[in-house]
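Chemist: Before I ask anything, here is the structure I am working with.
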Amino acid sequence: MAFILGSGSPRRLQLLAQLGVHPDAVRPPEIDETPLKGELPRDYCARVTREKTQAVPAGTDDIVLCADTTVALGRRILGKPRDAGEAAAFLLALSGRRHRVITAVAVRRGDRIWEKDVVSQVKMKNLSDEELNAYLATGDWEGKAGAYAIQGPAGAFIPWISGSFTGIVGLPLSETANLLRAAGLPLYQEAAA
């Protein structure tokens, strides 16, 4: 049995390490993450995560973990911005408002899939032009859903959350631990060794 992380996110690797789990392989899948017409954010996030688990090559007894994080402003999905202009538009839309951060997690072993999504509420403060431009200049928005990461410089823009901090970062640890246990992966092996 091998444990495969289907994600190239260094943050997810760090979070898994908190569970005493280190993947035997990291295989980020290549799938089309375009939302379907009229697809709601939570449904989108769960679908993309399931598709990722199916796209990762693995043996029949291997355990594959995939996740997807989506920022939702009402029914609008704010994915990874294409460029600084789109990042600025996302951040201006979020400025001074509450939004949802949805992280779906799926674990596959053979033909069986265990899945869970976690929805957290996040409030972003009103951003000044100076704050927005300084943040965009850091480049931290690149590759981040909604154009920000709470664990980076944008953490200074987030005065309030309700939900899972690790879910907002990209892998809700409590739920992930339960899914991995259900699939038969032992946790906290380093601590026991």
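The values are calculated or read from the model by the stated rules, or taken from the named source; none is laboratory data. Note that this is a predicted model, so its numbers are computed, not measured. Here the Cβ is made from the backbone with ideal geometry for all residues, glycine too, and neighbour counts use every protein chain on show. For the accessible areas, the whole protein counts, side chains as well, though only heavy atoms, and no ligand, DNA or RNA atoms are used. Shrake-Rupley method; radii C 1.70, N 1.55, O 1.52, S 1.80 Å.
Chemist: Using a 1.4 Å probe on the protein heavy atoms, what percent of the accessible area of the chain belongs to carbon and sulfur? Kindly include the intermediate steps, with their values, before the conclusion.
Modeler: Details: 4450 of 9190 Å².
Heavy-atom surface of the chain belonging to carbon and sulfur, 1.4 Å probe: 48 percent.
Chemist: Using heavy-atom solvent-accessible surface (probe 1.4 Å) with all chains present, what is the largest-first order of 140, 68, 111, 32?
Modeler: Values: 140 35, 68 10, 111 165, 32 100 Å².
Result of the area sort, largest leading: 111, 32, 140, 68.
Chemist: Same structure, new question: Where the only charges are on Cβ atoms (+1 Lys, Arg; -1 Asp, Glu), what is the dipole of the chain about its Cα centre, to the nearest 20 debye?
Modeler: Values: 23 positive and 22 negative charges, 122 e Å.
It works out to roughly 580 debye.
Chemist: Largest first, how would 34, 53 line up by accessible area (1.4 Å probe)? Please report the intermediate quantities before stating the final value.
Modeler: Values: 34 85, 53 0 Å².
Ranking 34, 53 by accessible area, largest first, yields 34, 53.
Chemist: Go through 133, 159, 143 and say which Cα lies farthest out towards the positive end of the charge dipole of the stretch 3-183; charges sit on Cβ, +1 for Lys and Arg, -1 for Asp and Glu.
Modeler: About the Cα centre, the residue reaching furthest to the positive side is 159.
Chemist: Moving on to the next point. Could you order 69, 103 so the one with the most accessible surface comes first? Probe is 1.4 Å. Don't jump to the answer; show the numbers that get you there.
Modeler: Numbers: 69 30, 103 0 Å².
Largest accessible area first, the list is 69, 103.
Chemist: Students often get this wrong, so check it: of 80/125; 52/125; 37/80; 52/123, which have C-alpha atoms separated by over 24 Å?
Modeler: Numbers: 80/125 20 Å; 52/125 33 Å; 37/80 18 Å; 52/123 29 Å.
52/125; 52/123, as the Cα separations exceed 24 Å there.
Chemist: Could you run the Debye sum over the Cα atoms of the stretch 1-111, one equal point scatterer each and no solvent, and tell me log10 of I(q)/I(0) at q = 0.11, 0.22, 0.24 Å⁻¹, two decimals?
Modeler: Debye intensities relative to I(0), on a log10 scale: -0.41, -1.19, -1.30.
Chemist: Rounded to a whole number, what is D in µm²/s for the chain from Stokes-Einstein with the Kirkwood radius over alpha-carbon pairs (25 °C, 0.890 mPa s)? Could the numbers behind the result be given before it?
Modeler: Values: Rh = 17.1 Å.
For these conditions, the coefficient is 143 µm²/s.
Chemist: I'd like the distance between the alpha-carbon centres of the stretch 18-70 and the stretch 117-193, rounded to an integer number of Å.
Modeler: A separation of 17 Å, based on Cα centres.
Chemist: Follow-up question, since we're still on this one. Determine which aspartates and glutamates satisfy two conditions relative to residue 116: a Cα distance under 12 Å, and not lying fewer than 8 residues away in the same chain.
Modeler: Candidates past the 8-residue exclusion: 43, 68, 175.
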